[in-house]
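Written below as structure tokens is the structure these notes are about.
The values are calculated or read from the model by the stated rules, or taken from the named source; none is laboratory data. All values reported here derive from a predicted model rather than from experimental measurement. We place every Cβ from the backbone using ideal geometry, glycine too, and count neighbours over all the protein chains shown. Only protein heavy atoms, including side chains, enter the accessible area calculation; ligands, DNA and RNA are left aside. Shrake-Rupley method; radii C 1.70, N 1.55, O 1.52, S 1.80 Å.
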Amino acid sequence: MANKKSNSPVNKTIYDDIFPRRLSKSDQRRLEILEGAIQAYSELDFNSISFDEIAVPSKLSRRLVQHYFPDKEVLFETTMKLIRAKFQELAVQSLSKEQTAEGQFREYVRSTFYWIRLQPSQVRAWFLFFLVCSQKSKYRKIHAELTAIGENRITALLNNFELKTKLTLEEGHYIAKSVQRLITGGILEVCSEQSIESLEQI
């Protein structure tokens with residue numbers, strides 16, 4: 001997990017919501033549980049996941065998992081926030097390698113495929129989040145809050161382009177949302193039609 005003192009915007013938005021201070025021993029244990037939850041969610045259906053199944057990959061007891069996360073829905077929500085934070089952190093690292101607006105935009109998009117290759121369990125768990133959002137309205141609000149961070153970052157990248165006519169705020173967000181939806185479609189297509197190994201060519 002990233003250092004809490006980093007200036008990365010992702011640390012100031014999602015990570016602080018999960019861990020609002022420097023990691024204590026208790027926070028570290030919660031993080032271990034969340035990492036185990038990612039693994040469990042990537043392999044099982046949300047409704048069938050028990051605290052026991054989350055405890056196994058964490059190498060912790062069910063009792064300890066329930067001590068830190070007595071509510072399964074809170075655990076699920078927090079796990080999805082952690083996944084989104086990890087994805088955005090990778091995106092920031094990728095675009096920081098480039099200096100030009102075009103290069104940064106390209107690396108931001110490509111970071112999606114880096115993420116798929118490096119963190120397949122996170123991607124599978126995120127697919128479960130898509131499914132749950134389609135079933136339960138409360139999660140759609142959470143999803144909107146999480147994706148807004150990426151949308152704002154894409155908007156900022158677009159504003160770095162030297163355009164003849166500057167984009168209005170509404171135009172920038174419309175294009176950013178469209179790009180975001182194309183990226184999501186790309187994730188679904190690649191994971192359902194290609195092997196992880198083939199991503200080396202992207």
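Considering only segment 117-128, I want to know if a residue exists there that is open to solvent by 60 Å² or more (accessible area, probe 1.4 Å), among the β-branched types (V, I, T) and closer than 24 Å to F51 by Cβ. Looking for residues that are open to solvent by 60 Å² or more (accessible area, probe 1.4 Å), among the β-branched types (V, I, T) and closer than 24 Å to F51 by Cβ, one finds none in segment 117-128, hence no.
Kindly provide the set of residues from segment 102-130 that are under 20 Å from S178 (Cα atoms) and out of contact with any helix residue (DSSP H, G or I) (no Cβ under 7 Å at 6 or more places or on another chain), ordered by number. Listed by number, the residues that qualify are E102, G103, R106, F127, F130. The single residue among S96, S134 that is open to solvent by 10 Å² or more (accessible area, probe 1.4 Å), at pLDDT below 90, more than 26 Å from T78 (Cβ to Cβ) and among the polar types (S, T, N, Q) turns out to be S96.
Residue count for segment 153-183 satisfying the condition of being modelled with pLDDT under 90 and among the polar types (S, T, N, Q): 4. Among the residues making up segment 54-78, a single one is without any contact (Cβ under 8 Å) to a residue 24 or more places away in the chain, open to solvent by less than 60 Å² (accessible area, probe 1.4 Å) and of a type in the set (V, I, T): I54. Within segment 158-195, the set of residues being within 15 Å of A148 (Cβ to Cβ) and in contact with a Gly (Cβ under 7 Å, 6 or more places away or on another chain) comprises just one member, Q180. Residues in segment 10-28 that are touching a helix residue (DSSP H, G or I) at 6+ places or on another chain (Cβ under 8 Å) and open to solvent by 70 Å² or more (accessible area, probe 1.4 Å) were compared, and the one that is modelled with the lowest pLDDT is R21. Tallying residues that are open to solvent by 30 Å² or more (accessible area, probe 1.4 Å) and free of Cβ contacts under 8 Å to residues at least 24 places away in the same chain within segment 36-53 yields 6.
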